[in-house]
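**Student:** Let me begin by handing over the structure; questions about it come next.
The values are calculated or read from the model by the stated rules, or taken from the named source; none is laboratory data. Please read all numbers here as calculations on a predicted model, not as lab measurements. Cβ sites come from the backbone with ideal geometry, for glycine too, and all protein chains shown count toward neighbours.
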Amino acid sequence: MSHLAPIVPSFAELLLNPKLLEALSREGYTSPTPIQAQAIPKLLEGRDLLGLAQTGTGKTAAFLLPILHRLAANRRPAAPRCANVLILAPTRELASQIDQSIAAYGRNLGMTHTVVFGGVSQFHQVAAMRRGVDFLVATPGRLLDLVNQGHIDLSKTHVLVLDEADHMLDMGFVKPIRQTVALMPTDRQTLLFSATMPEAIAALASSLLRNPARVEVTPPATMVEKIGQSVMFTDAKDKLTLLKMLVKPAEVSRAIIFTLTKNTANKVAEALTLAGSPAEAIHGNKSQGQRERALAGFKSGAVRVLVATDIASRGIDVDDISHVFNYDLPNIAESYVHRIGRTARAGRKGLAVTLCEPEHRAWLHAIERTIGQAVPVEMNHPYHSEAARLSTMKPPVLGGGGRNQGRQAPRQAPRQNTAKGAPRTQSRKPR
Ligand code: AMP
C-alpha cells in the first residue's frame, strides 16, 4: 500500500497512547495502513474528517485509535443513557465488528461500549445503555427507536462516526441519520467514511462536517494485484455444476461465494451441501441467530463455504479466505473489488474466480474498466461457453429507484432483492 503514502510513520511516531500501542502489537499490526497514516494525525487534532475508503483498508482502526486516544486523555464518565462516542453503521455485522474492534484496540483502557441493532430484542440493549457507555455502535433504525423511547440520550455525544455512509443512504437511512444528528451537540467532532462519493453523500457531508480534512485511499489497484483473478465463461444452466466442481478441491480451504439474490444464495448453499461441500447461506432474510451461527462456523473453520449476497457480506472480516467465487457477477463494478478483497487479506495471496454467463458479459466489461485491467480468462474447464465470452447481450435490468453511480449499470437498492423475479420491496431495517 506504500504507493499511497510515500513515508509511512510508525504507530509510535503518530504519538498514540502507549496502551494503544501495546494493543496494536498484540493484534500484530506493525505499521499503519495508508488511511491510518493519513487520518490519525488529523483526528488527533480533533478535526472533522471525510474519508473515502472501503472495508479492507484499515479504516476502522483509522477512526477508532485517535478517538480512543483522545477519550483516554480526557476521560469523562458517560452519564446514564448517554454515549460519549456514537458510531453509525449500515448493518448488524459491521456494527458488531466495530464493537469487537473497540474491545480489541481499547483493551488496556477500560472503555465501556455496546452495540445496538434491529432484528433482536431490545431488552439487553436498553439494559446496557442504562448506565451510559463510552462507545455506542448502532444501526440507524434501532438507534432512533431507542432514542424515541427515551432509552438513549444523545445530547452529550461529542464524537460521531458515520461508517459506510453510502450504504446507509442506499438502505434508506438518510432521514434517521439526520434526525439522530439533530439530537447531538453542534460542537461535536464528526467523521464520515464512504467508499463512493455520489451527490447525496457529498450533500450529507457538507451539511454535517465542519472544515473537514479529506483523506482518500483507492485500494483497487493494490488489492487487485495480490489477488489471482480469473473468469470462466459459461452458460447459466452450467454454472452450478461448474461451481460444485470448483469448490471440491482441498485447497479451497475457506471460500465465499457471492450471488446476486437471496434465493440464489439459498439454492447454491443447498446444492453444494447435497454435493458434499457443506455450505451456509447468509443474507438479509436469515434471522440474527442464523447469521451469527453461520458466521461463527465459517470463522472457526467448521463451515468451509459461505454463500452471501453483497449487502449481507459487508463488513464480514474473516482472515484466511482462500477463494472468492462470483457465482453471479455484481452489477456494480465497485462491488467486484469489495468482493474479491475478502481474500488476500493482511498481505496473503488469494484467488478470485468469476463465473460469467452471456447476460452478464457487459458487467464484466465495466468491472475491467474500473480495475484498469482485463480479468484473465480460464478456458480450461468442461463448461466453457464461447457464446458467453463473445456475448453482446444486454445485461438484465435490475429493479429501479436507485441512483446511477456513473460507472456502470444503474445502482439499485437493495441489490439482492431486485433481480428478475425477486420481490422489489425495500427493507428499511438493518440487515
Ligand atoms: P477494515 O478496513 O477496518 O475493515 O480493516 C481490514 C482488516 O485490516 C482488519 O482485519 C483489520 O484487523 C486489519 N488491519 C487494520 N489495520 C491494520 C494494520 N495497521 N496492520 C495490519 N492489519 C490491519
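**Student:** Out of all the residues in region 233-287, which are among the acidic types (Asp, Glu) and either buried (at least 18 other Cβ atoms within 10 Å of the Cβ) or at pLDDT below 95 (or both)?
**Tutor:** If the condition is that a residue be among the acidic types (Asp, Glu) and either buried (at least 18 other Cβ atoms within 10 Å of the Cβ) or at pLDDT below 95 (or both), then Asp238, Glu251, Glu280 are the ones that fit.
**Student:** I need a count of the residues in region 347-358 that are surrounded by 14 or more Cβ atoms within 10 Å (Cβ to Cβ) and over 11 Å from Phe233 (Cα atoms).
**Tutor:** Residues meeting the conditions: 3.
**Student:** Identify the residue in region 288-321 that is assigned to a loop (DSSP other than H, G, I, E, B) and within 16 Å of the ligand (Cβ to nearest atom) and, among all such residues, is surrounded by the fewest Cβ atoms within 10 Å (Cβ to Cβ).
**Tutor:** So, considering only residues that are assigned to a loop (DSSP other than H, G, I, E, B) and within 16 Å of the ligand (Cβ to nearest atom), the one surrounded by the fewest Cβ atoms within 10 Å (Cβ to Cβ) is Asp319.
**Student:** Give region 39-51 a look and list any residue that's in a strand (DSSP E or B) and within 13 Å of the ligand (Cβ to nearest atom), or say none.
**Tutor:** Gly51
**Student:** A further question on this structure: Can you find, within region 18-38, the residue that is farthest from the ligand (Cβ to nearest atom) among those that are within 24 Å of Leu52 (Cα to Cα) and not β-branched (Val, Ile, Thr)?
**Tutor:** Gln38
**Student:** While we're looking at this one, here's another question. All but one of (1) modelled with pLDDT of 70 or more; (2) surrounded by fewer than 20 Cβ atoms within 10 Å (Cβ to Cβ) hold for Arg407; state the number of the condition that does not hold.
**Tutor:** (1)
**Student:** Give the residue that is nearest to Tyr29 (Cα to Cα), with candidates limited to residues of region 61-104 that are modelled with pLDDT of 95 or more and among the β-branched types (Val, Ile, Thr).
**Tutor:** The selected residue is Ile102.
**Student:** A follow-up question, please. Against the condition buried (at least 18 other Cβ atoms within 10 Å of the Cβ), more than 21 Å from the chain's Cα centre (by Cα), part of a helix (DSSP H, G or I) and not hydroxyl-bearing (Ser, Thr, Tyr), how does Ala23 come out, does it pass?
**Tutor:** Yes.
**Student:** Is it the case, given these coordinates, that Asn211 is on the phi > 0 side of the Ramachandran plot and out of contact with any Gly (no Cβ under 6 Å at 6 or more places or on another chain)?
**Tutor:** Here the answer is yes, as Asn211 does meet what is asked.
**Student:** Considering (1) in contact with a strand residue (DSSP E or B) (Cβ under 9 Å, 6 or more places away or on another chain); (2) in contact (Cβ under 8 Å) with a residue 60 or more places away in the chain, say which one Ala308 fails and leave the rest.
**Tutor:** (2)
**Student:** Now a separate question. Restricting attention to region 171-185, which residues are modelled with pLDDT under 95 and either of a type in the set (Ser, Thr, Tyr) or under 21 Å from Glu216 (Cα atoms) (or both)?
**Tutor:** none
**Student:** Further, regarding this structure: May I ask you to list the residues in region 39-57 that are closer than 24 Å to Ser335 by Cα and surrounded by fewer than 21 Cβ atoms within 10 Å (Cβ to Cβ)?
**Tutor:** Of everything in region 39-57, those that are closer than 24 Å to Ser335 by Cα and surrounded by fewer than 21 Cβ atoms within 10 Å (Cβ to Cβ) turn out to be Leu52, Gly56.
**Student:** Right, next: With respect to Ala200, determine if the residue is modelled with pLDDT under 95 and surrounded by 14 or more Cβ atoms within 10 Å (Cβ to Cβ).
**Tutor:** yes
**Student:** What pairs can you find where one residue is in region 377-396 and farther than 8 Å from Arg361 by Cα, the other is basic (Lys, Arg), and their Cβ atoms are less than 6 Å apart, with a gap of 6+ or different chains?
**Tutor:** Matching pairs, first to second residue: Pro396/Lys420.
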